Amino acid sequence: MAGKAERIGWLNGLVVGTREATVVIDPQSLDRVPDHARVLVSHAHADHTYGFRHKGVKQSTPETRDIHDALNSLGIGKFEQVKLGDRVAVDDIEIEALNAGHMLGSAQFLAHTPLSTILYTGDINCIDTLTTKAAEPQECDMLVIEATYGSPTYRFPRREQVYSEMVEWALYTINQGILPVFHVYAAGKAQEVVRLFNLYTRIPVIVSPRLDGVNRAYTKSGQPLEWKVSTSHEGRELLQKGPCIYLTTPSQNGSTAELANRRIARAYATGWAMSYWRGDAGFPLSSHADFDQLVSYIKDCKPKHVYVFTGFVDGIRRALSAALGKETKLVPSFLQRTITEQY
Ligand SMILES: [Zn+2]
């Protein structure tokens, strides 16, 4: 509508536009993102980092940049860091970076425009873990939130229980003379599992090379992790003979050369293990909020409007109607839409 000074909508990511500025958060394509737009990247998982290819200025936390650098060979040009807790001004929009609790350096972005406040959560987790602090709700006019596990099917057990079951399974497996192999995401989940075994056992942790660089980014930020990479002499020896656990990515299925002589048992650690898993064991260790966390987080933000950008849209919509007593507006997952007026 002519005359409105604010536009909020989807253009392969969240766009917040005012008379003076355009901010695009977590774009999944840059086709229609103007070079002068400011691009923000919430965290280092690959489905959120496409914006680092933007020609103009892009921003993330320094930890997100470091993890991205560890996983990718190309550096990021025109980069400006924003630390958690900092505010940056993009003309008449002020952006606050807030802890998202999802992985090291993961941020929510709270945008203050002349007319409203918009909170984009990125991927969030609302409980403390061994490597992250819970995301805290922020009051806002508009909340744009993920709902990866926005279905009542996904109510995770207490994290301490999941941790102890993982350690028990690993110890039992080692006692059988079998090597426990955990398949986990290289960034975030892997470092939590390393920390778990460092804290509660003396079992050496061996990781595949892809995890090694991310582990270094974690230690650079002050997180204490101890591990050996599978390609090192010590790592190779332990994998072939010693008691140890091996961490690798979810997609590494075949036997690696290091594991050729060992009997192995495979476990997957993911929230999806609530409904199914591959391999010999599955543990519902998630870096995302579960259904109950999402509902209470949304309530505590007291938003006038709620949009969900991924996951179980219908599940969360039904729950919010019941819990908040009002209809919430939801957009489906990343439909390509022209920017539209929302107010
Ligand atoms: Zn993520």
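The values are calculated or read from the model by the stated rules, or taken from the named source; none is laboratory data. None of the values given here were measured: they were computed from a predicted structure. Here the Cβ is made from the backbone with ideal geometry for all residues, glycine too, and neighbour counts use every protein chain on show.
Points worth noting:
- Elements of the type helices (runs of 4 or more DSSP H) sitting completely within the stretch 182-275 and holding at least 2 residues that are in the same structural domain as GLU168 (by TED's automatic domain parsing) and free of Cβ contacts under 8 Å to residues at least 24 places away in the same chain: these cover 209-220, 233-240.
- Test for ALA107: is it within 16 Å of the ligand (Cβ to nearest atom), surrounded by fewer than 17 Cβ atoms within 10 Å (Cβ to Cβ) and within 16 Å of the chain's Cα centre (by Cα): no
- First in the stretch 148-163 and over 7 Å from PHE291 (Cα atoms), second anywhere and charged (D, E, K, R), Cβ under 6 Å, 6 or more apart: PHE156/ASP290
- In the stretch 13-54, residue surrounded by the fewest Cβ atoms within 10 Å (Cβ to Cβ) [restricted to those that are among the polar types (S, T, N, Q) and within 18 Å of the chain's Cα centre (by Cα)]: GLN28
For (1) within 17 Å of the chain's Cα centre (by Cα); (2) modelled with pLDDT under 95, each residue gets a yes or a no:
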residue: ALA186; (1), (2): yes, yes
residue: ARG195; (1), (2): no, no
residue: VAL205; (1), (2): no, no
residue: SER208; (1), (2): no, yes
residue: LEU225; (1), (2): no, no
residue: LEU238; (1), (2): no, yes
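- Filter result for GLY150 (crowded, with 24+ Cβ neighbours inside 10 Å and more than 13 Å from the ligand (Cβ to nearest atom)): yes
- Whenever a residue of the stretch 64-75 is crowded, with 16+ Cβ neighbours inside 10 Å, it has no partner that is among the charged types (D, E, K, R) lying with C-beta atoms less than 6 angstrom away and at least six residues away or across chains.
- None of ILE124, ILE145 is under 13 Å from HIS288 (Cα atoms) and in a strand (DSSP E or B) except ILE145.
- Meets criteria (buried (at least 18 other Cβ atoms within 10 Å of the Cβ), under 26 Å from HIS305 (Cα atoms) and within 16 Å of the ligand (Cβ to nearest atom)) for ILE93: no
- The single condition among (1) of a type in the set (A, V, I, L, M, F, W, C); (2) within 11 Å of THR148 (Cβ to Cβ); (3) in contact (Cβ under 8 Å) with a residue 40 or more places away in the chain; (4) in contact with a Phe, Trp or Tyr (Cβ under 9 Å, 6 or more places away or on another chain) that VAL308 does not meet is (4).
- Yes/no for THR121 being within 14 Å of the ligand (Cβ to nearest atom), surrounded by fewer than 24 Cβ atoms within 10 Å (Cβ to Cβ) and hydroxyl-bearing (Ser, Thr, Tyr): no
- When GLU160, GLU168, GLU139 are screened for being away from the ligand (no atom under 16 Å from the Cβ), part of a loop (DSSP other than H, G, I, E, B) and acidic (Asp, Glu), only GLU139 passes.
- The set of residues in the stretch 95-136 that are farther than 11 Å from SER287 by Cβ and among the acidic types (Asp, Glu) comprises GLU96, ASP128, GLU136.
- If the condition is being more than 16 Å from the ligand (Cβ to nearest atom) and on the phi > 0 side of the Ramachandran plot, then the stretch 171-194 contributes only GLY177.
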